[in-house]
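The values are calculated or read from the model by the stated rules, or taken from the named source; none is laboratory data. Keep in mind the model is a prediction, meaning the values are calculated, not measured. Here the Cβ is made from the backbone with ideal geometry for all residues, glycine too, and neighbour counts use every protein chain on show.
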Amino acid sequence: MDTVIDIAGLVKRFGHTTALDGLDLQVERGEVHGFLGPNGAGKSTTIRVLLGLLRADGGIVTMFGQDPWHDAAELHRRLAYVPGDVNLWPNLSGGEVIDLLGRLRGGLDEKRRARLVERFELDPTKKARTYSKGNRQKVALVAALASDVELLILDEPTSGLDPLMEAVFTDCVDEFKDGGRSVLLSSHILAEVERLCDRVSIIRAGRTVETGTLADLRHLTRTSVSAELSQAPSGLDGLAGVHDLAVEGVRATFEVDTVHLGEALQALGRFGVRTLTSQPPTLEELFLRHYGEEVAS
Amino acid sequence: MTGALTVLRFHLRRDRLMLLWWIAGNVLLYWSQAVSTDGLYPTQADLDKAAAGMADNAAFIAMAGPARALDTLGGQVAWQASAFGAIVAALMSMFLVGRHTRAEEETGRDELVRAAAIGRHAPLAATALLVVIADVLMGTLIALSLISYGLPAGGSLALGLAAGLTGLVFGGVALVAAQLVESTRAAYGITGAVLGVAYALRAVGDVGNGALSWLSPIGWGQYLRPYAEEQWWPLVLPVVAAVLLGSGAVALFDRRDIGSGVWPARPGPARGSLGSASALAWRLQRGSVVGWSVGLLLGGIAYGSIGDDVADLIGDSQFSKDVFTAAGGSIVDSFYATAAVMLALIGGGFAIASVQRLRGEEAAGFAEPLLATALPRWRWAAAHLVVTVVGTLVVVLAAGLGMGLGFAMVTGDGSAVLRLTGATLPYAVPVLVLAAVAWLAYGIRSRWAAIGWLGLGFCFVVMMFGEVLQLPGWLMDVSPLRHLAQTPAEDFRPWPLAVLVVVAVAAAAAGMVALRRRDVVSA
């Protein structure tokens, strides 16, 4: 496989604080890679190292096989970046900023620029000082999506967008990806990641704690089951992988490690299943479990 | 109005240092005029002689105001300080108003305050009260400082009132401007323009029959005739104007939405023509280059228009001879050598601010999206550095040109334009050395760019007080300005200049290397 971003054991310190502590991340060509973690986990720091804005203190970082610190400008021709907090020169209009960033990146696709301005319902004649956070984000998104690049690096790009605009954003990322191009999407909006991402990496306190496809990760999670049975069940609490069991007459609700789901269902079958609802684990739960442990410890 | 006093207390808490500097600075301006006049003209005969030389110099009158009672210490102080002191008071009021009204709305902080249990007009009322307090305090302290120096109480009071009330009027202007436009910068622009017109009206009026001066708030203050048979009734004019402007601001405030202005913001272009780091750097700094150039051109004209009356102006005392003839040569050339250094140092304000601009771009997060494009970091920085260098040359050139023009206008000696411009321009190089040091500091660590202001302040102290304070020679020699030939009093020498150029280039190069090796600061 063709790896676009390859980070191994990345360390970044700011004075006495260690922001990144041996972080690993691989983004393959053609995939949308979700980059998840709570505030302060090191997502933005990682991205800023990838952009050559910060210098790594340890580990190996390559992008398109090159060093993002030494070959920054050359690499930047092949990528576009949307920061989470878009700050723009207050006295320039949105249109001026889009064109400036596009030209500095090596040119914009005029037709796509026009279509994106329309789709995002952006008024490019307004001065940046009058834009809301969401509109500033749209300016950066239009500039990024209208350039001809192979990689998009997006740092919580929809935090200021309304749901309608989020849908437009999702469509745009899908279209971008259809061209065989790659996206690194940092986010803590889980629905967005579930909807868009092929693979995810979850980081916490500067380290990668989990990485894989959503399906891979679900093996590590629990499915919640709620069943109404013909007769009151017994012995369910002895089953492997069952947690939080509650039995009320003929109703049983529990959570089960996804790998033990089959055995649990067989056991239920012995008591005659009338209704059954099961919920697949959401990324939300995945997330909570990782950070829940942190809270517990 | 509920809550206005709470908001006012909050303003005072935020502004205490700023108020201290503005007020102390302006009091010092008035007080130092008294001290320096005493130093320059120690006897009544000196004063009489100076007064005779000044009273019919139209350029002086245009610059400072009507010449009244110039043969008294008080008259001299009023003449030298009243216009500039009034401008300082006006600027203080303008910044206080802008900072607490439009800037708060622009950043959205205003919403937080307004969401609290306070009246709709409370922020406006608190700002107006703040300006009143600041101007009253400033005027009172000016009067007290002059009385304590030994000047007549009536005149000192009139002079203090003139400053405070002019400040109040421009506070009103700023308050109206803040309702009209959406951006703080534009509000400052409007107020500054009104201030400029007020200064020009009284300049033209004072030189002519005085009628136009009655249209200017600065003129109203001067018509109180401090130390020259004071007349008090013109006090009514600024008070009425301030009340009218204040109520006008309230009326305008009532017809607009929070966050927007009475005049809607003009839209910008939908397509941009900026396509390079250099174009952006120029676009961001051009206003500052133009502003500083115009300011120093006018400053140069002010110095130049003293013409060859220098001898009368600086008097016969040993002190003034020591100060102004330190460079050797004729007293006129020596005076202009000192003036050229002074103007170049003021131009240093542009140079250091320009280096700081880069730091501001980085700290505000504007640099990040740029540096994520194919723009190499060195080219981004170099684009701003070029603007700093070229801008500094232009600003210092404007100062020299102004001085030459002023001199030529008064003396009719056209060759002075080239001579004084040529004599001033070399001082741009030591100023650039200061900028290069600030740049090196910035390269090493973003926040260190502020060191440039320290360097500039140090050079000022060495120049103004180095001899008086008897600073050791090696310490004074740290100032790059000490190493140039004191043109036009001395002949130009290329070598010191060449060495300074090398120092500046070396510091700039080192700064660039350091900048390329460090982390970019995030917003």
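Taken over the stretch B:177-189, the criterion of being crowded, with 18+ Cβ neighbours inside 10 Å and part of a helix (DSSP H, G or I) is satisfied by B:Ala177, B:Ala178, B:Gln179, B:Thr184, B:Ala186, B:Ala187, B:Tyr188. Checked against the criteria, A:Val117 does not count as facing chain B (nearest Cβ under 8 Å) and either of a type in the set (Val, Ile, Thr) or in contact with a helix residue (DSSP H, G or I) (Cβ under 9 Å, 6 or more places away or on another chain) (or both). Suppose the filter is modelled with pLDDT of 95 or more, under 21 Å from A:Asn39 (Cβ atoms) and within 18 Å of the chain's Cα centre (by Cα); does A:Leu154 pass it? In short, yes. Taken together, the criteria exclude A:Leu10 from residues that are out of contact with any helix residue (DSSP H, G or I) (no Cβ under 6 Å at 6 or more places or on another chain), within 22 Å of A:Leu196 (Cβ to Cβ), assigned by TED's automatic domain parsing to the domain that holds A:Thr125 and at pLDDT 95 or above. Taken together, the criteria exclude B:Ala367 from residues that are over 30 Å from B:Asp56 (Cβ atoms), in contact (Cβ under 8 Å) with a residue 12 or more places away in the chain and either in contact with a Gly (Cβ under 8 Å, 6 or more places away or on another chain) or of a type in the set (Val, Ile, Thr) (or both). Could you tell me whether A:Gly42 is more than 10 Å from chain B (Cβ to nearest Cβ), more than 30 Å from B:Trp263 (Cα to Cα) and at pLDDT below 95? Criteria met by A:Gly42. Any chance the stretch B:95-118 includes a residue that's under 24 Å from the mean Cα position of the chain (by Cα), in a helix (DSSP H, G or I) and within 20 Å of B:Pro234 (Cα to Cα)? For the stretch B:95-118, residues under 24 Å from the mean Cα position of the chain (by Cα), in a helix (DSSP H, G or I) and within 20 Å of B:Pro234 (Cα to Cα): absent. What about B:Ile147, is it surrounded by fewer than 24 Cβ atoms within 10 Å (Cβ to Cβ) and outside any loop (DSSP other than H, G, I, E, B)? The answer is yes for B:Ile147.
The residue list B:Val503, B:Val513, B:Val499 contains one member that is in contact (Cβ under 8 Å) with a residue 60 or more places away in the chain and closer than 11 Å to B:Val433 by Cβ, which is B:Val503.
Only one entry in B:Val169, B:Val97, B:Val132, B:Val113 is under 27 Å from B:Leu180 (Cα atoms), surrounded by fewer than 24 Cβ atoms within 10 Å (Cβ to Cβ), assigned by TED's automatic domain parsing to the domain that holds B:Gly221 and at pLDDT 95 or above, namely B:Val132.
Within the stretch B:265-281, the residues that satisfy the criterion of being under 24 Å from B:Glu106 (Cβ atoms) and in a loop (DSSP other than H, G, I, E, B) are B:Ala265, B:Arg266, B:Pro267, B:Gly268, B:Pro269, B:Ala270, B:Gly272, B:Leu274. Checked against (1) at pLDDT below 95; (2) within 14 Å of another protein chain (Cβ to nearest Cβ); (3) crowded, with 16+ Cβ neighbours inside 10 Å, A:Phe35 meets all criteria but (2).
Among the residues making up the stretch A:172-183, those that are part of a helix (DSSP H, G or I) and either touching a residue at least 40 places away in the same chain (Cβ under 8 Å) or not assigned by TED's automatic domain parsing to the domain that holds A:Leu141 (or both) are A:Cys172, A:Val173, A:Lys177. A Cβ distance below 7 Å, combined with a sequence gap of six or more or placement on separate chains, defines the contacts here; from the stretch A:86-109, residues that are free of Cβ contacts under 8 Å to residues at least 40 places away in the same chain and not assigned by TED's automatic domain parsing to the domain that holds A:Ala73 reach no residue that is outside any helix (DSSP H, G or I) and among the β-branched types (Val, Ile, Thr). Every listed requirement among (1) more than 10 Å from chain B (Cβ to nearest Cβ); (2) under 26 Å from B:Ala103 (Cβ atoms); (3) charged (D, E, K, R) is met by A:Arg129 save one, (1).
In the set (1) assigned to a strand (DSSP E or B); (2) in the same structural domain as A:Leu151 (by TED's automatic domain parsing), the condition left unmet by A:Glu194 is number (1). Of all the residues in the stretch B:176-211, those that are more than 14 Å from every other protein chain (Cβ to nearest Cβ) and over 29 Å from B:Leu146 (Cβ atoms) number 10. Residues that are of a type outside the set (Gly, Ala, Ser) and within 14 Å of chain A (Cβ to nearest Cβ) were ranked within the stretch B:372-419; the one that is farthest from B:Leu345 (Cα to Cα) is B:Thr373. A:Thr17 falls short of the stated requirement of being among the polar types (S, T, N, Q), farther than 18 Å from B:Phe366 by Cβ and either at the interface with another protein chain (Cβ under 8 Å from one of its Cβ atoms) or crowded, with 24+ Cβ neighbours inside 10 Å (or both). Of all residues in the stretch B:246-290, those that are more than 8 Å from chain A (Cβ to nearest Cβ) and surrounded by 19 or more Cβ atoms within 10 Å (Cβ to Cβ) total 7. A:Lys111 meets the conditions (1) more than 8 Å from chain B (Cβ to nearest Cβ); (2) touching a helix residue (DSSP H, G or I) at 6+ places or on another chain (Cβ under 9 Å) in every case but one. The failed one is (2). Restricting attention to the stretch A:228-259, the residues being surrounded by fewer than 16 Cβ atoms within 10 Å (Cβ to Cβ), assigned to a helix (DSSP H, G or I) and not aliphatic (A, V, I, L, M) number 2.
Taking the conditions (1) in contact (Cβ under 8 Å) with a residue 40 or more places away in the chain; (2) closer than 29 Å to B:Gly108 by Cα in turn, A:Glu150 satisfies each one other than (2).
The stretch B:1-73 holds helices (runs of 4 or more DSSP H) entirely within its bounds, and those carrying 1 or more residues that are more than 26 Å from B:Gly208 (Cα to Cα) map to B:4-40, B:44-54. Restricting attention to the stretch A:87-96, which residues are within 7 Å of chain B (Cβ to nearest Cβ) and either assigned to a helix (DSSP H, G or I) or at positive phi (or both)? Answer for the stretch A:87-96, where residues must be within 7 Å of chain B (Cβ to nearest Cβ) and either assigned to a helix (DSSP H, G or I) or at positive phi (or both): A:Gly95, A:Glu96.
Provide a single number: the residues in the stretch B:220-238 that are in contact (Cβ under 8 Å) with a residue 24 or more places away in the chain and in a helix (DSSP H, G or I). So the answer is 5. The set of residues from the stretch B:347-380 being more than 22 Å from A:Thr45 (Cα to Cα) and surrounded by fewer than 23 Cβ atoms within 10 Å (Cβ to Cβ) comprises B:Gly349, B:Ala353, B:Gln356, B:Arg357, B:Arg379. Go through (1) surrounded by fewer than 24 Cβ atoms within 10 Å (Cβ to Cβ); (2) touching a residue at least 24 places away in the same chain (Cβ under 8 Å); (3) touching a Ser or Thr at 6+ places or on another chain (Cβ under 7 Å) for B:Ala174 and report which single condition fails. For B:Ala174, the exception is condition (1).
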